[in-house]
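First up is the structure itself, then whatever we jot down about it.
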Amino acid sequence: NPGFMVRITQAGLDYAHQQGILILEKELAKLTLPDISGDTRVLRVGKVHYELSRLRLRNFQLPYSRISPVPNVGLQVSISNAFAELDGNWRVKLFFIRDHGSFDLKVEKVYIKITLRLGSDASGKPTISTSDCSTHISKVRVLFSGKFAWLYNLFHSAIENKFKKILESKVCDTVTESVHDELQTYIQTLPVTARIDAMTGIDYSLVASPTAAAQSLDAGLKGEFYSLAHRSTVPFSPLPLSFPSDHDRMVYFGASSYFFNTAGFAYHSAGALVFEITEAMIPKDVDFHLNTSVFSAFVPQLEQMYPNMLMKLRLSTPTAPFLNIGPEGISLKPVVDVQAYAILPDSSLAPLFLLSLTANVSAVIDVRSGHIVGRLDVGRIKLSLKDSAVGTFQVRMLQSIMNIMSSSILLPRLNARLDEGFPLPLPDRIQLSNTLVRFHQNFLLLGADVHFQPR
């Protein structure tokens, strides 16, 4: 099962198709056509030798087209009523008659059908190629000008048929080249891995080729955080994602609980879930000091053993935090070890006591600038004493101090990191708007419309 899902709806495919058609029009307008020459016999006139040169395509318009997913195949693009205009020079030789001039050519009712095959390469990046292309031109009109233009107009059908065959072949060649050079190159900008910070990254490689459904295109990604220093096997597996039939937005992202829990596992493995709190970190507006004089009110033995010394708290997670996602939102109940130290005159640390802290934590999730951002809120904290070098004491007396530490020091630091966010798997020059966030069983659904920024 994928840890992360991407669904492009019909609205999203239509938007991508609009951008692609603009590119294809420009590529078709660059078509170069070969010079054409030949001999033809005209009734009651005789054998005529003709040459057509300097063929120039003035424009190629694709006014009507549509894209549709074809289940188990890929995507199909159908273009109808396209038209093009060309001009060039002509020369004619008939017995002793020689002449030259210019011509205009109009190509009308062009029909193009393109089938795109979707896949993935060895690195997990998406691939796209043209598996089939057909072009049919219904009407070609050549209009000659010059002294003997009437002569050309006698055998224009032979010229028009040649143009038709050449153009039909050239159009599909251009389509294939455009898909390879433009579309394939562009979708390869989708990041397979995204570096998050100095410690972790996200693996967004495809777990299988994208699949076309009746009204959407779905892609399953690994969706796994990993430690940059040492990538180890995640000790749990992703659960199936049951996507709802939402089609209001162009694209939907399904971030599973596996995706988020691998983040906790990666940061824990990297040793990043360790926080040290010292006196210098306490905000100025908090009427509290981290020293044995303050703590002796709760732990009387400190006054005698370590009088008037600064303290340090070291917070760490014995196991990676594990969250749950349900229709009501995201929740987690992390366990944190709080080791208290006295800072001795020689700057060495004397262990005082070890607390176990548990709390109910909820998360608020949003999407901003192509990143998943969040904010944590902590509910009631529960404490228990795991070990003590200063005798026993009433742990509940430290409840208020731990509340201050979490709300004024620890939580702001965590939320500052979450506010930076984690990047969504987006190719280059894509911006998201009109975002929505919904919670489902075992996954978070993010929806958005897309805007492509051309170069």
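Key figures
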{"item": "The stretch 55-98 shape via C-alpha gyration tensor axes, a/c threshold 1.5", "result": "prolate"}
{"item": "Exposure of Phe95 as accessible area (Å², to 10), given a probe of 1.4 Å and all protein chains", "result": "140 Å²"}
{"item": "Length-normalised contact order of the chain in % [C-alpha pairs under 8 Å, at least 6 apart]", "result": "14 percent"}
{"item": "Solvent-accessible area, 1.4 Å probe, carbon plus sulfur percent, for the stretch 11-188", "result": "51 percent"}
{"item": "Structure-based [θ]222 nm, the chain - -39500 (n - 2.57) summed over DSSP H runs of at least 4, per residue, nearest 500", "result": "-6000 deg cm²/dmol"}
{"item": "Normalised alpha carbon radius of gyration of the stretch 217-311 [divisor 2.2 N^0.38 Å]", "result": "1.88"}
{"item": "Whole-number D in µm² s⁻¹ for the stretch 282-391, Kirkwood Cα-pair radius fed into Stokes-Einstein, 25 °C, 0.890 mPa s", "result": "149 µm²/s"}
{"item": "Rounded accessible area per residue of the chain, 1.4 Å, Å²", "result": "50 Å²"}
{"item": "Inter-probe distance in nm under a simple model that places probes 7 Å from Cα toward Cβ, at Ser80 and Arg41", "result": "4.3 nm"}
{"item": "Separation of alpha-carbon centers, the stretch 419-440 and the stretch 172-243, rounded to whole Å", "result": "15 Å"}
{"item": "Ratio of the Cα radius of gyration of the stretch 365-438 to 2.2 N^0.38 Å, where N counts its residues", "result": "1.71"}
{"item": "Sequence of Ser406, Ser384 when ordered by accessible area, the most exposed leading, probe 1.4 angstrom", "result": "Ser384, Ser406"}
{"item": "Size of the stretch 85-171 as Cα extents on the principal axes (Å, biggest first)", "result": "67, 23, 19"}
{"item": "Potential lengthening between Asn324 and Asp337 on full extension [0.36 nm per residue; Cα-Cα distance subtracted]", "result": "2.6 nm"}
{"item": "Within the stretch 320-384, chymotrypsin sites (Phe, Trp or Tyr not before Pro) in DSSP loop having at most 15 other beta-carbon neighbours inside 10 Å", "result": "Phe322"}
{"item": "Average Cα contact separation per residue, the stretch 11-188, under 8 Å, 6 or more apart, as relative contact order %", "result": "18 percent"}
{"item": "Fraction of accessible area attributable to carbon and sulfur, the stretch 193-452 (%, probe 1.4 Å)", "result": "53 percent"}
{"item": "The stretch 298-455: radius of gyration and largest Cα-Cα distance (Dmax), Å", "result": "21.1, 71"}
{"item": "Coarse-grained scattering of the stretch 152-231 at q = 0.16, 0.24 Å⁻¹, given as base-10 log I(q)/I(0) from a Debye sum over alpha-carbon atoms", "result": "-0.82, -1.10"}
{"item": "Kirkwood hydrodynamic radius (C-alpha pairs) into Stokes-Einstein, the stretch 189-271, 25 °C and 0.890 mPa s, D in µm²/s", "result": "174 µm²/s"}
{"item": "Rounded to the nearest 10 Å², the accessible area of Tyr111 at probe 1.4 Å", "result": "90 Å²"}
{"item": "Fraction of the pair-distance distribution of the stretch 11-188 above 28 Å, Cα-Cα pairs, percent", "result": "36 percent"}
{"item": "Directionally averaged projected area (convex hull, Cα atoms, the chain), nm²", "result": "29.3 nm²"}
{"item": "In Å², nearest 10: area of Leu349 left accessible to a 1.4 Å probe", "result": "70 Å²"}
{"item": "Percent of alpha-carbon pairs separated by more than 33 Å within the stretch 193-452", "result": "32 percent"}
{"item": "Protein-only accessible surface order, largest first, of Ser362, Ser237 at 1.4 Å", "result": "Ser237, Ser362"}
{"item": "Under 12 Å from Lys386, Cα to Cα: aspartates and glutamates that are on another chain or at least 8 residues apart", "result": "Asp337"}
{"item": "Accessible surface ranking that places the most exposed of Glu168, Glu182 first, with a 1.4 angstrom probe", "result": "Glu182, Glu168"}
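The values are calculated or read from the model by the stated rules, or taken from the named source; none is laboratory data. Predicted, not measured: the structure shown is a model, and the values here were computed from it. Here the Cβ is made from the backbone with ideal geometry for all residues, glycine too, and neighbour counts use every protein chain on show. When the accessible area is computed, the model is the full protein with side chains, heavy atoms only, and any ligands, DNA or RNA have been set aside. Shrake-Rupley method; radii C 1.70, N 1.55, O 1.52, S 1.80 Å.
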